[in-house]
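So the structure is just underneath, and the comments pick up after that.
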Amino acid sequence: MTLTLAQANLAIASAIDKATELDIRISVSVCDAGGRLLAFGRMDGGHWGAGYGSQGKAVASAAFAKPSGLLTERASSPIMLGIAQAEGGHIFYAKGAVPIFIDGVLAGACGVGGGTGEQDEQCAAAGAAALLP
């Protein structure tokens, strides 16, 4: 199962809607199950650096098929550091991304940067939820 560009853009729009409710400015990245970027959006006024965070968190979530925040405890372990190095250093083990499952199969992840970790995860979850039937 792969995500379409239309699905990725719907997830981005839904994450941005949630950010608007929370009165924060975010960047949103949606990647496929292999961690490759499908679509990206940054709200007007969003910090440029949040784009890197949103993508790195999405990569982590897709790589492990779980919310990126669940990986923070192990982030400094040799295995996790080795995975990040082998991946090219783009993976971020921080709260703010959730995997996207379609029909029980990992299809990708939605990652957000720009708010607190909790706010980012709320926005990412709203993006992923937009793709549920």
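The values are calculated or read from the model by the stated rules, or taken from the named source; none is laboratory data. It should be emphasised that the depicted structure is a prediction, and the values quoted were computed from it without experimental measurement. Every residue, glycine among them, receives a Cβ derived from its backbone with ideal geometry; neighbour counts consider all protein chains shown.
Residue count for region 4-30, restricted to those that are over 14 Å from the mean Cα position of the chain (by Cα), part of a loop (DSSP other than H, G, I, E, B) and on the phi < 0 side of the Ramachandran plot: 3.
One line per residue, one yes/no per condition, for (1) small (Gly, Ala, Ser); (2) buried (at least 24 other Cβ atoms within 10 Å of the Cβ); (3) not in a strand (DSSP E or B):
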{"residue": "GLY69", "(1), (2), (3)": "yes, no, yes"}
{"residue": "THR72", "(1), (2), (3)": "no, no, yes"}
{"residue": "GLY82", "(1), (2), (3)": "yes, no, yes"}
{"residue": "ILE91", "(1), (2), (3)": "no, yes, yes"}
{"residue": "ALA94", "(1), (2), (3)": "yes, no, yes"}
{"residue": "VAL112", "(1), (2), (3)": "no, yes, no"}
{"residue": "ALA124", "(1), (2), (3)": "yes, yes, yes"}
{"residue": "GLY127", "(1), (2), (3)": "yes, yes, yes"}
{"residue": "LEU132", "(1), (2), (3)": "no, no, yes"}
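For region 18-34, the condition holds for at least one residue, the condition being that it is among the small types (Gly, Ala, Ser) and without any contact (Cβ under 8 Å) to a residue 60 or more places away in the chain.
Got at least one residue in region 96-103 being at pLDDT 95 or above and surrounded by fewer than 20 Cβ atoms within 10 Å (Cβ to Cβ)?
So the first thing to find is which residues in region 96-103 are at pLDDT 95 or above, and the list is 96-101.
Still in the list and also surrounded by fewer than 20 Cβ atoms within 10 Å (Cβ to Cβ): 101.
Among the residues of region 96-103, at least one is at pLDDT 95 or above and surrounded by fewer than 20 Cβ atoms within 10 Å (Cβ to Cβ), which makes the answer yes.
Per the conditions (1) in a helix (DSSP H, G or I); (2) crowded, with 23+ Cβ neighbours inside 10 Å, the sole criterion not satisfied by GLY108 is (1). Only one entry of ARG36, ARG74, ARG42 meets the criterion of being within 16 Å of GLY127 (Cα to Cα) and of a type in the set (Lys, Arg), and that entry is ARG42.
Here is the figure for region 81-92: residues that are within 18 Å of LEU37 (Cβ to Cβ) and in contact (Cβ under 8 Å) with a residue 12 or more places away in the chain total 4. Of the set (1) within 11 Å of the chain's Cα centre (by Cα); (2) outside any helix (DSSP H, G or I), all apply to SER76 but (1). What tally of residues in region 31-67 results from selecting those that are assigned to a helix (DSSP H, G or I), aliphatic (A, V, I, L, M) and in contact with a Ser or Thr (Cβ under 8 Å, 6 or more places away or on another chain)? Matching residues across region 31-67 total 3. Taking each residue of region 99-111 that is in contact (Cβ under 8 Å) with a residue 40 or more places away in the chain and looking for partners that are surrounded by fewer than 19 Cβ atoms within 10 Å (Cβ to Cβ) with beta-carbon atoms closer than 6 Å, six or more apart or interchain, yields ILE102/MET1; VAL105/MET1; LEU106/ALA65; ALA107/MET1.
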